[in-house]
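**Student:** What follows is a single structure, and I will ask about it in a moment.
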Amino acid sequence: MEGRKETFPKLTKAIQPKDKVIWIHCASLGEFEQGRPIIEKLKTQYPLHKLILTFFSPSGYEVRKNYNEVDVVCYLPLDSNKKVKQFLDIVHPELAIFVKYEFWPNFLRVLKCRNIKTILVSGIFRKDQAFFKWYGGWMRKSLTAFTHFFVQDESSAQLLRKINFENVTVSGDTRFDRVFEITQQNNELRFISEFKNNQYTLVAGSTWKEDEELLVNYINKHASENEKFIIAPHNINSKDIEALKNTISKKVVLFSEKEGENLKEYQVFIIDTVGILTKIYSYASVAYVGGGYTKSGIHNVLEPATFGVPVVIGPNYYKFNEAIDLVKNEACFVVDNSQKLSVLLNEFFQEKQKREQAGSNAYNYVVSKKGATSKILNFIK
C-alpha cells in the first residue's frame with residue numbers, strides 16, 4: 001500500500017502525452033524473468049518508445065525497482081474503475097503485455113474499450129481455473145481483451161479453444177531464452193575458480209533446512225576428500241548460516257569471510273550473499289536445487305540445466321513443467337530421502353560418463369525449447 005502511493009507521481013513525472021509507450025506487467029520476480037528477454041529486445045528494437053514495468057508483488061518490485069532497461073518501474077494500482085482509468089490516462093500504452101497470468105477484470109475491460117492491443121506471453125491455463133467453469137462467464141469475458149495469447153503448452157491452447165478463443169499460439173516459455181542468454185555472458189568468479197581448484201564440485205542452490213540436512217549427512221559421512229561443495233542457502237540469516245556451518249565436520253569457509261583465505265584448502269564454501277548463484281552454477285559438476293521438501297516446491301532448475309549440468313531435486317516438483325520434462329529426459333534426478341541422495345551423489349562422483357550424459361541431456365533440452373521470444377517479437381512487429 002505504501003509503494004502504490006508512489007505509482008501515479010512516478011508515472012506523471014516520466015510520461016508526456018505525446019510519448020509512445022509499451023506497458024509490461026509482471027506479478028512477481030518469476031514472471032519478470034519470463035518477461036525480461038522481451039523487455040530487453042523491445043528496448044533495442046523500439047528505442048523511441050518508453051517502457052513501463054509494473055509489479056503486483058513486493059518480492060518482484062523490491063528486487064527490480066532500479067532495473068534500468070525500462071523508463072519506469074512501479075506497483076500496479078488497485079483494479080478499481082477510478083484507478084484503472086487514471087493509470088491508463090497517464091500511461092496511454094500503444095501495447096500492453098501481461099506475463100504468464102494475472103487477469104484483472106477492470107484493467108482488461110478498459111484496455112478493450114480503448115482498443116489498446118493487449119497480449120499474454122508465456123501463459124499457462126489449467127482446467128480448474130474459473131474461465132473453464134460453468135460459473136466463470138464474467139472471467140471469460142475478460143479474456144476477450146487479449147489481441148493474442150502466447151501460451152507455454154498445447155494443453156493451455158486447447159483449453160482456450162474449448163471456450164472459443166482461436167487467437168492462440170503455442171510459443172513455449174520465454175525463460176528458456178533468458179537462461180540460454182546467461183550462458184553467453186561472462187560468468188567468471190575468481191574466488192569460485194580458486195576454491196574449485198579444478199576438482200569435482202557439487203553446487204547446492206536455494207537450499208532450505210530440509211535440503212541441508214540431507215546434504216550435510218552426505219558431506220560428513222560419505223563424501224570423498226576429493227569432492228568439493230558450494231552451498232547457497234535460500235535464507236541467508238546470519239544465525240542460520242552459522243548453525244549450518246557448525247553442522248559440517250569438513251573444512252568450511254563463508255563468502256563473507258573469504259578475504260585473505262587460501263580458498264583451495266577448503267572443502268565446503270557457504271555463499272551467505274545473494275545475486276551470484278547463476279554464475280556459480282557454471283562451475284558445477286552436479287547441481288542440487290533446493291525447495292523440493294517445501295510446500296511451494298523446487299526453485300529454478302533451468303539455471304543449472306542451461307550450463308549442461310545434471311540436476312538433483314527433492315520430491316515436490318510436479319507444478320513445474322520444465323522439471324517434469326528434465327526428469328523424463330534423464331537430466332534431472334529425484335531423491336526423497338538421505339540414503340537415495342547419498343547413493344546418487346556417489347554415483348555422479350564416481351561415474352564421469354553418467355554425469356556428462358545427464359548434463360548433455362539437460363543442455364539439449366534447454367536449447368530445444370528456445371525461440372518463444374522471437375515468435376512474440378515477430379507478432380508485435
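**Student:** Which of (1) in a loop (DSSP other than H, G, I, E, B); (2) under 15 Å from the mean Cα position of the chain (by Cα); (3) among the β-branched types (Val, Ile, Thr) does THR278 not meet, given it meets every other one?
**Tutor:** (1)
**Student:** Give the residues of segment 281-309 that are among the aliphatic types (A, V, I, L, M) and assigned to a helix (DSSP H, G or I), sorted by residue number.
**Tutor:** Scanning segment 281-309 gives LEU302, ALA305.
**Student:** Ok, one more. List the residue pairs whose Cβ atoms are under 8 Å apart, where the first residue sits in segment 66-90 and is part of a loop (DSSP other than H, G, I, E, B), the second is open to solvent by less than 10 Å² (accessible area, probe 1.4 Å) and not hydrophobic (A, V, I, L, M, F, W, C), and the two are 6 or more positions apart or on different chains.
**Tutor:** What qualifies is LEU76/THR7; LEU76/HIS25; LEU76/THR54; PRO77/THR7.
**Student:** May I pose another question? If I filter segment 261-276 down to residues being more than 18 Å from TYR288 (Cβ to Cβ) and modelled with pLDDT of 95 or more, which single residue comes out as least open to solvent (accessible area, probe 1.4 Å)?
**Tutor:** LEU263
Rundown of residues vs (1) under 16 Å from SER206 (Cα atoms); (2) among the aliphatic types (A, V, I, L, M); (3) buried (at least 20 other Cβ atoms within 10 Å of the Cβ), yes/no style:
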{"position": "VAL312", "(1), (2), (3)": "yes, yes, yes"}
{"position": "LYS328", "(1), (2), (3)": "no, no, no"}
{"position": "ALA331", "(1), (2), (3)": "no, yes, yes"}
{"position": "GLU347", "(1), (2), (3)": "no, no, no"}
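**Student:** For a quick check of your reading: which strands (runs of 3 or more DSSP E) sit entirely within segment 120-220 and have at least 2 residues that are at pLDDT 95 or above and surrounded by 18 or more Cβ atoms within 10 Å (Cβ to Cβ)?
**Tutor:** Once the strands (runs of 3 or more DSSP E) in segment 120-220 are filtered for at least 2 residues that are at pLDDT 95 or above and surrounded by 18 or more Cβ atoms within 10 Å (Cβ to Cβ), what remains is 148-151, 201-207.
**Student:** Continuing with this model, one more query. Here is a list: VAL312, VAL327. Which entry is assigned to a strand (DSSP E or B), without any contact (Cβ under 8 Å) to a residue 60 or more places away in the chain and not small (Gly, Ala, Ser)?
**Tutor:** Sole residue among the options that is assigned to a strand (DSSP E or B), without any contact (Cβ under 8 Å) to a residue 60 or more places away in the chain and not small (Gly, Ala, Ser): VAL312.
**Student:** For THR44, which of the numbered conditions (1) polar (S, T, N, Q); (2) open to solvent by 80 Å² or more (accessible area, probe 1.4 Å); (3) in contact with a helix residue (DSSP H, G or I) (Cβ under 6 Å, 6 or more places away or on another chain) fails to hold?
**Tutor:** Of everything listed in (1) polar (S, T, N, Q); (2) open to solvent by 80 Å² or more (accessible area, probe 1.4 Å); (3) in contact with a helix residue (DSSP H, G or I) (Cβ under 6 Å, 6 or more places away or on another chain), THR44 misses just condition (3).
**Student:** Could you check how many residues of segment 351-369 are touching a residue at least 60 places away in the same chain (Cβ under 8 Å) and either polar (S, T, N, Q) or surrounded by fewer than 18 Cβ atoms within 10 Å (Cβ to Cβ) (or both)?
**Tutor:** Number of matching residues: 1.
**Student:** How many residues, within segment 318-345, are under 10 Å from ALA362 (Cα atoms) and touching a strand residue (DSSP E or B) at 6+ places or on another chain (Cβ under 8 Å)?
**Tutor:** 4
**Student:** Right, next: Identify all residues within segment 64-100 that are surrounded by fewer than 17 Cβ atoms within 10 Å (Cβ to Cβ), among the charged types (D, E, K, R) and farther than 24 Å from PHE150 by Cβ; write none if there are none.
**Tutor:** LYS65, LYS82, LYS85, ASP89
The values are calculated or read from the model by the stated rules, or taken from the named source; none is laboratory data. Model, not experiment: these values are computed from the prediction. No Cβ is skipped: glycine too gets one built from the backbone with ideal geometry, and neighbour counts run over all protein chains shown. Heavy atoms of the whole protein, side chains included, go into the accessibility calculation; ligands, DNA and RNA do not. Shrake-Rupley method; radii C 1.70, N 1.55, O 1.52, S 1.80 Å.
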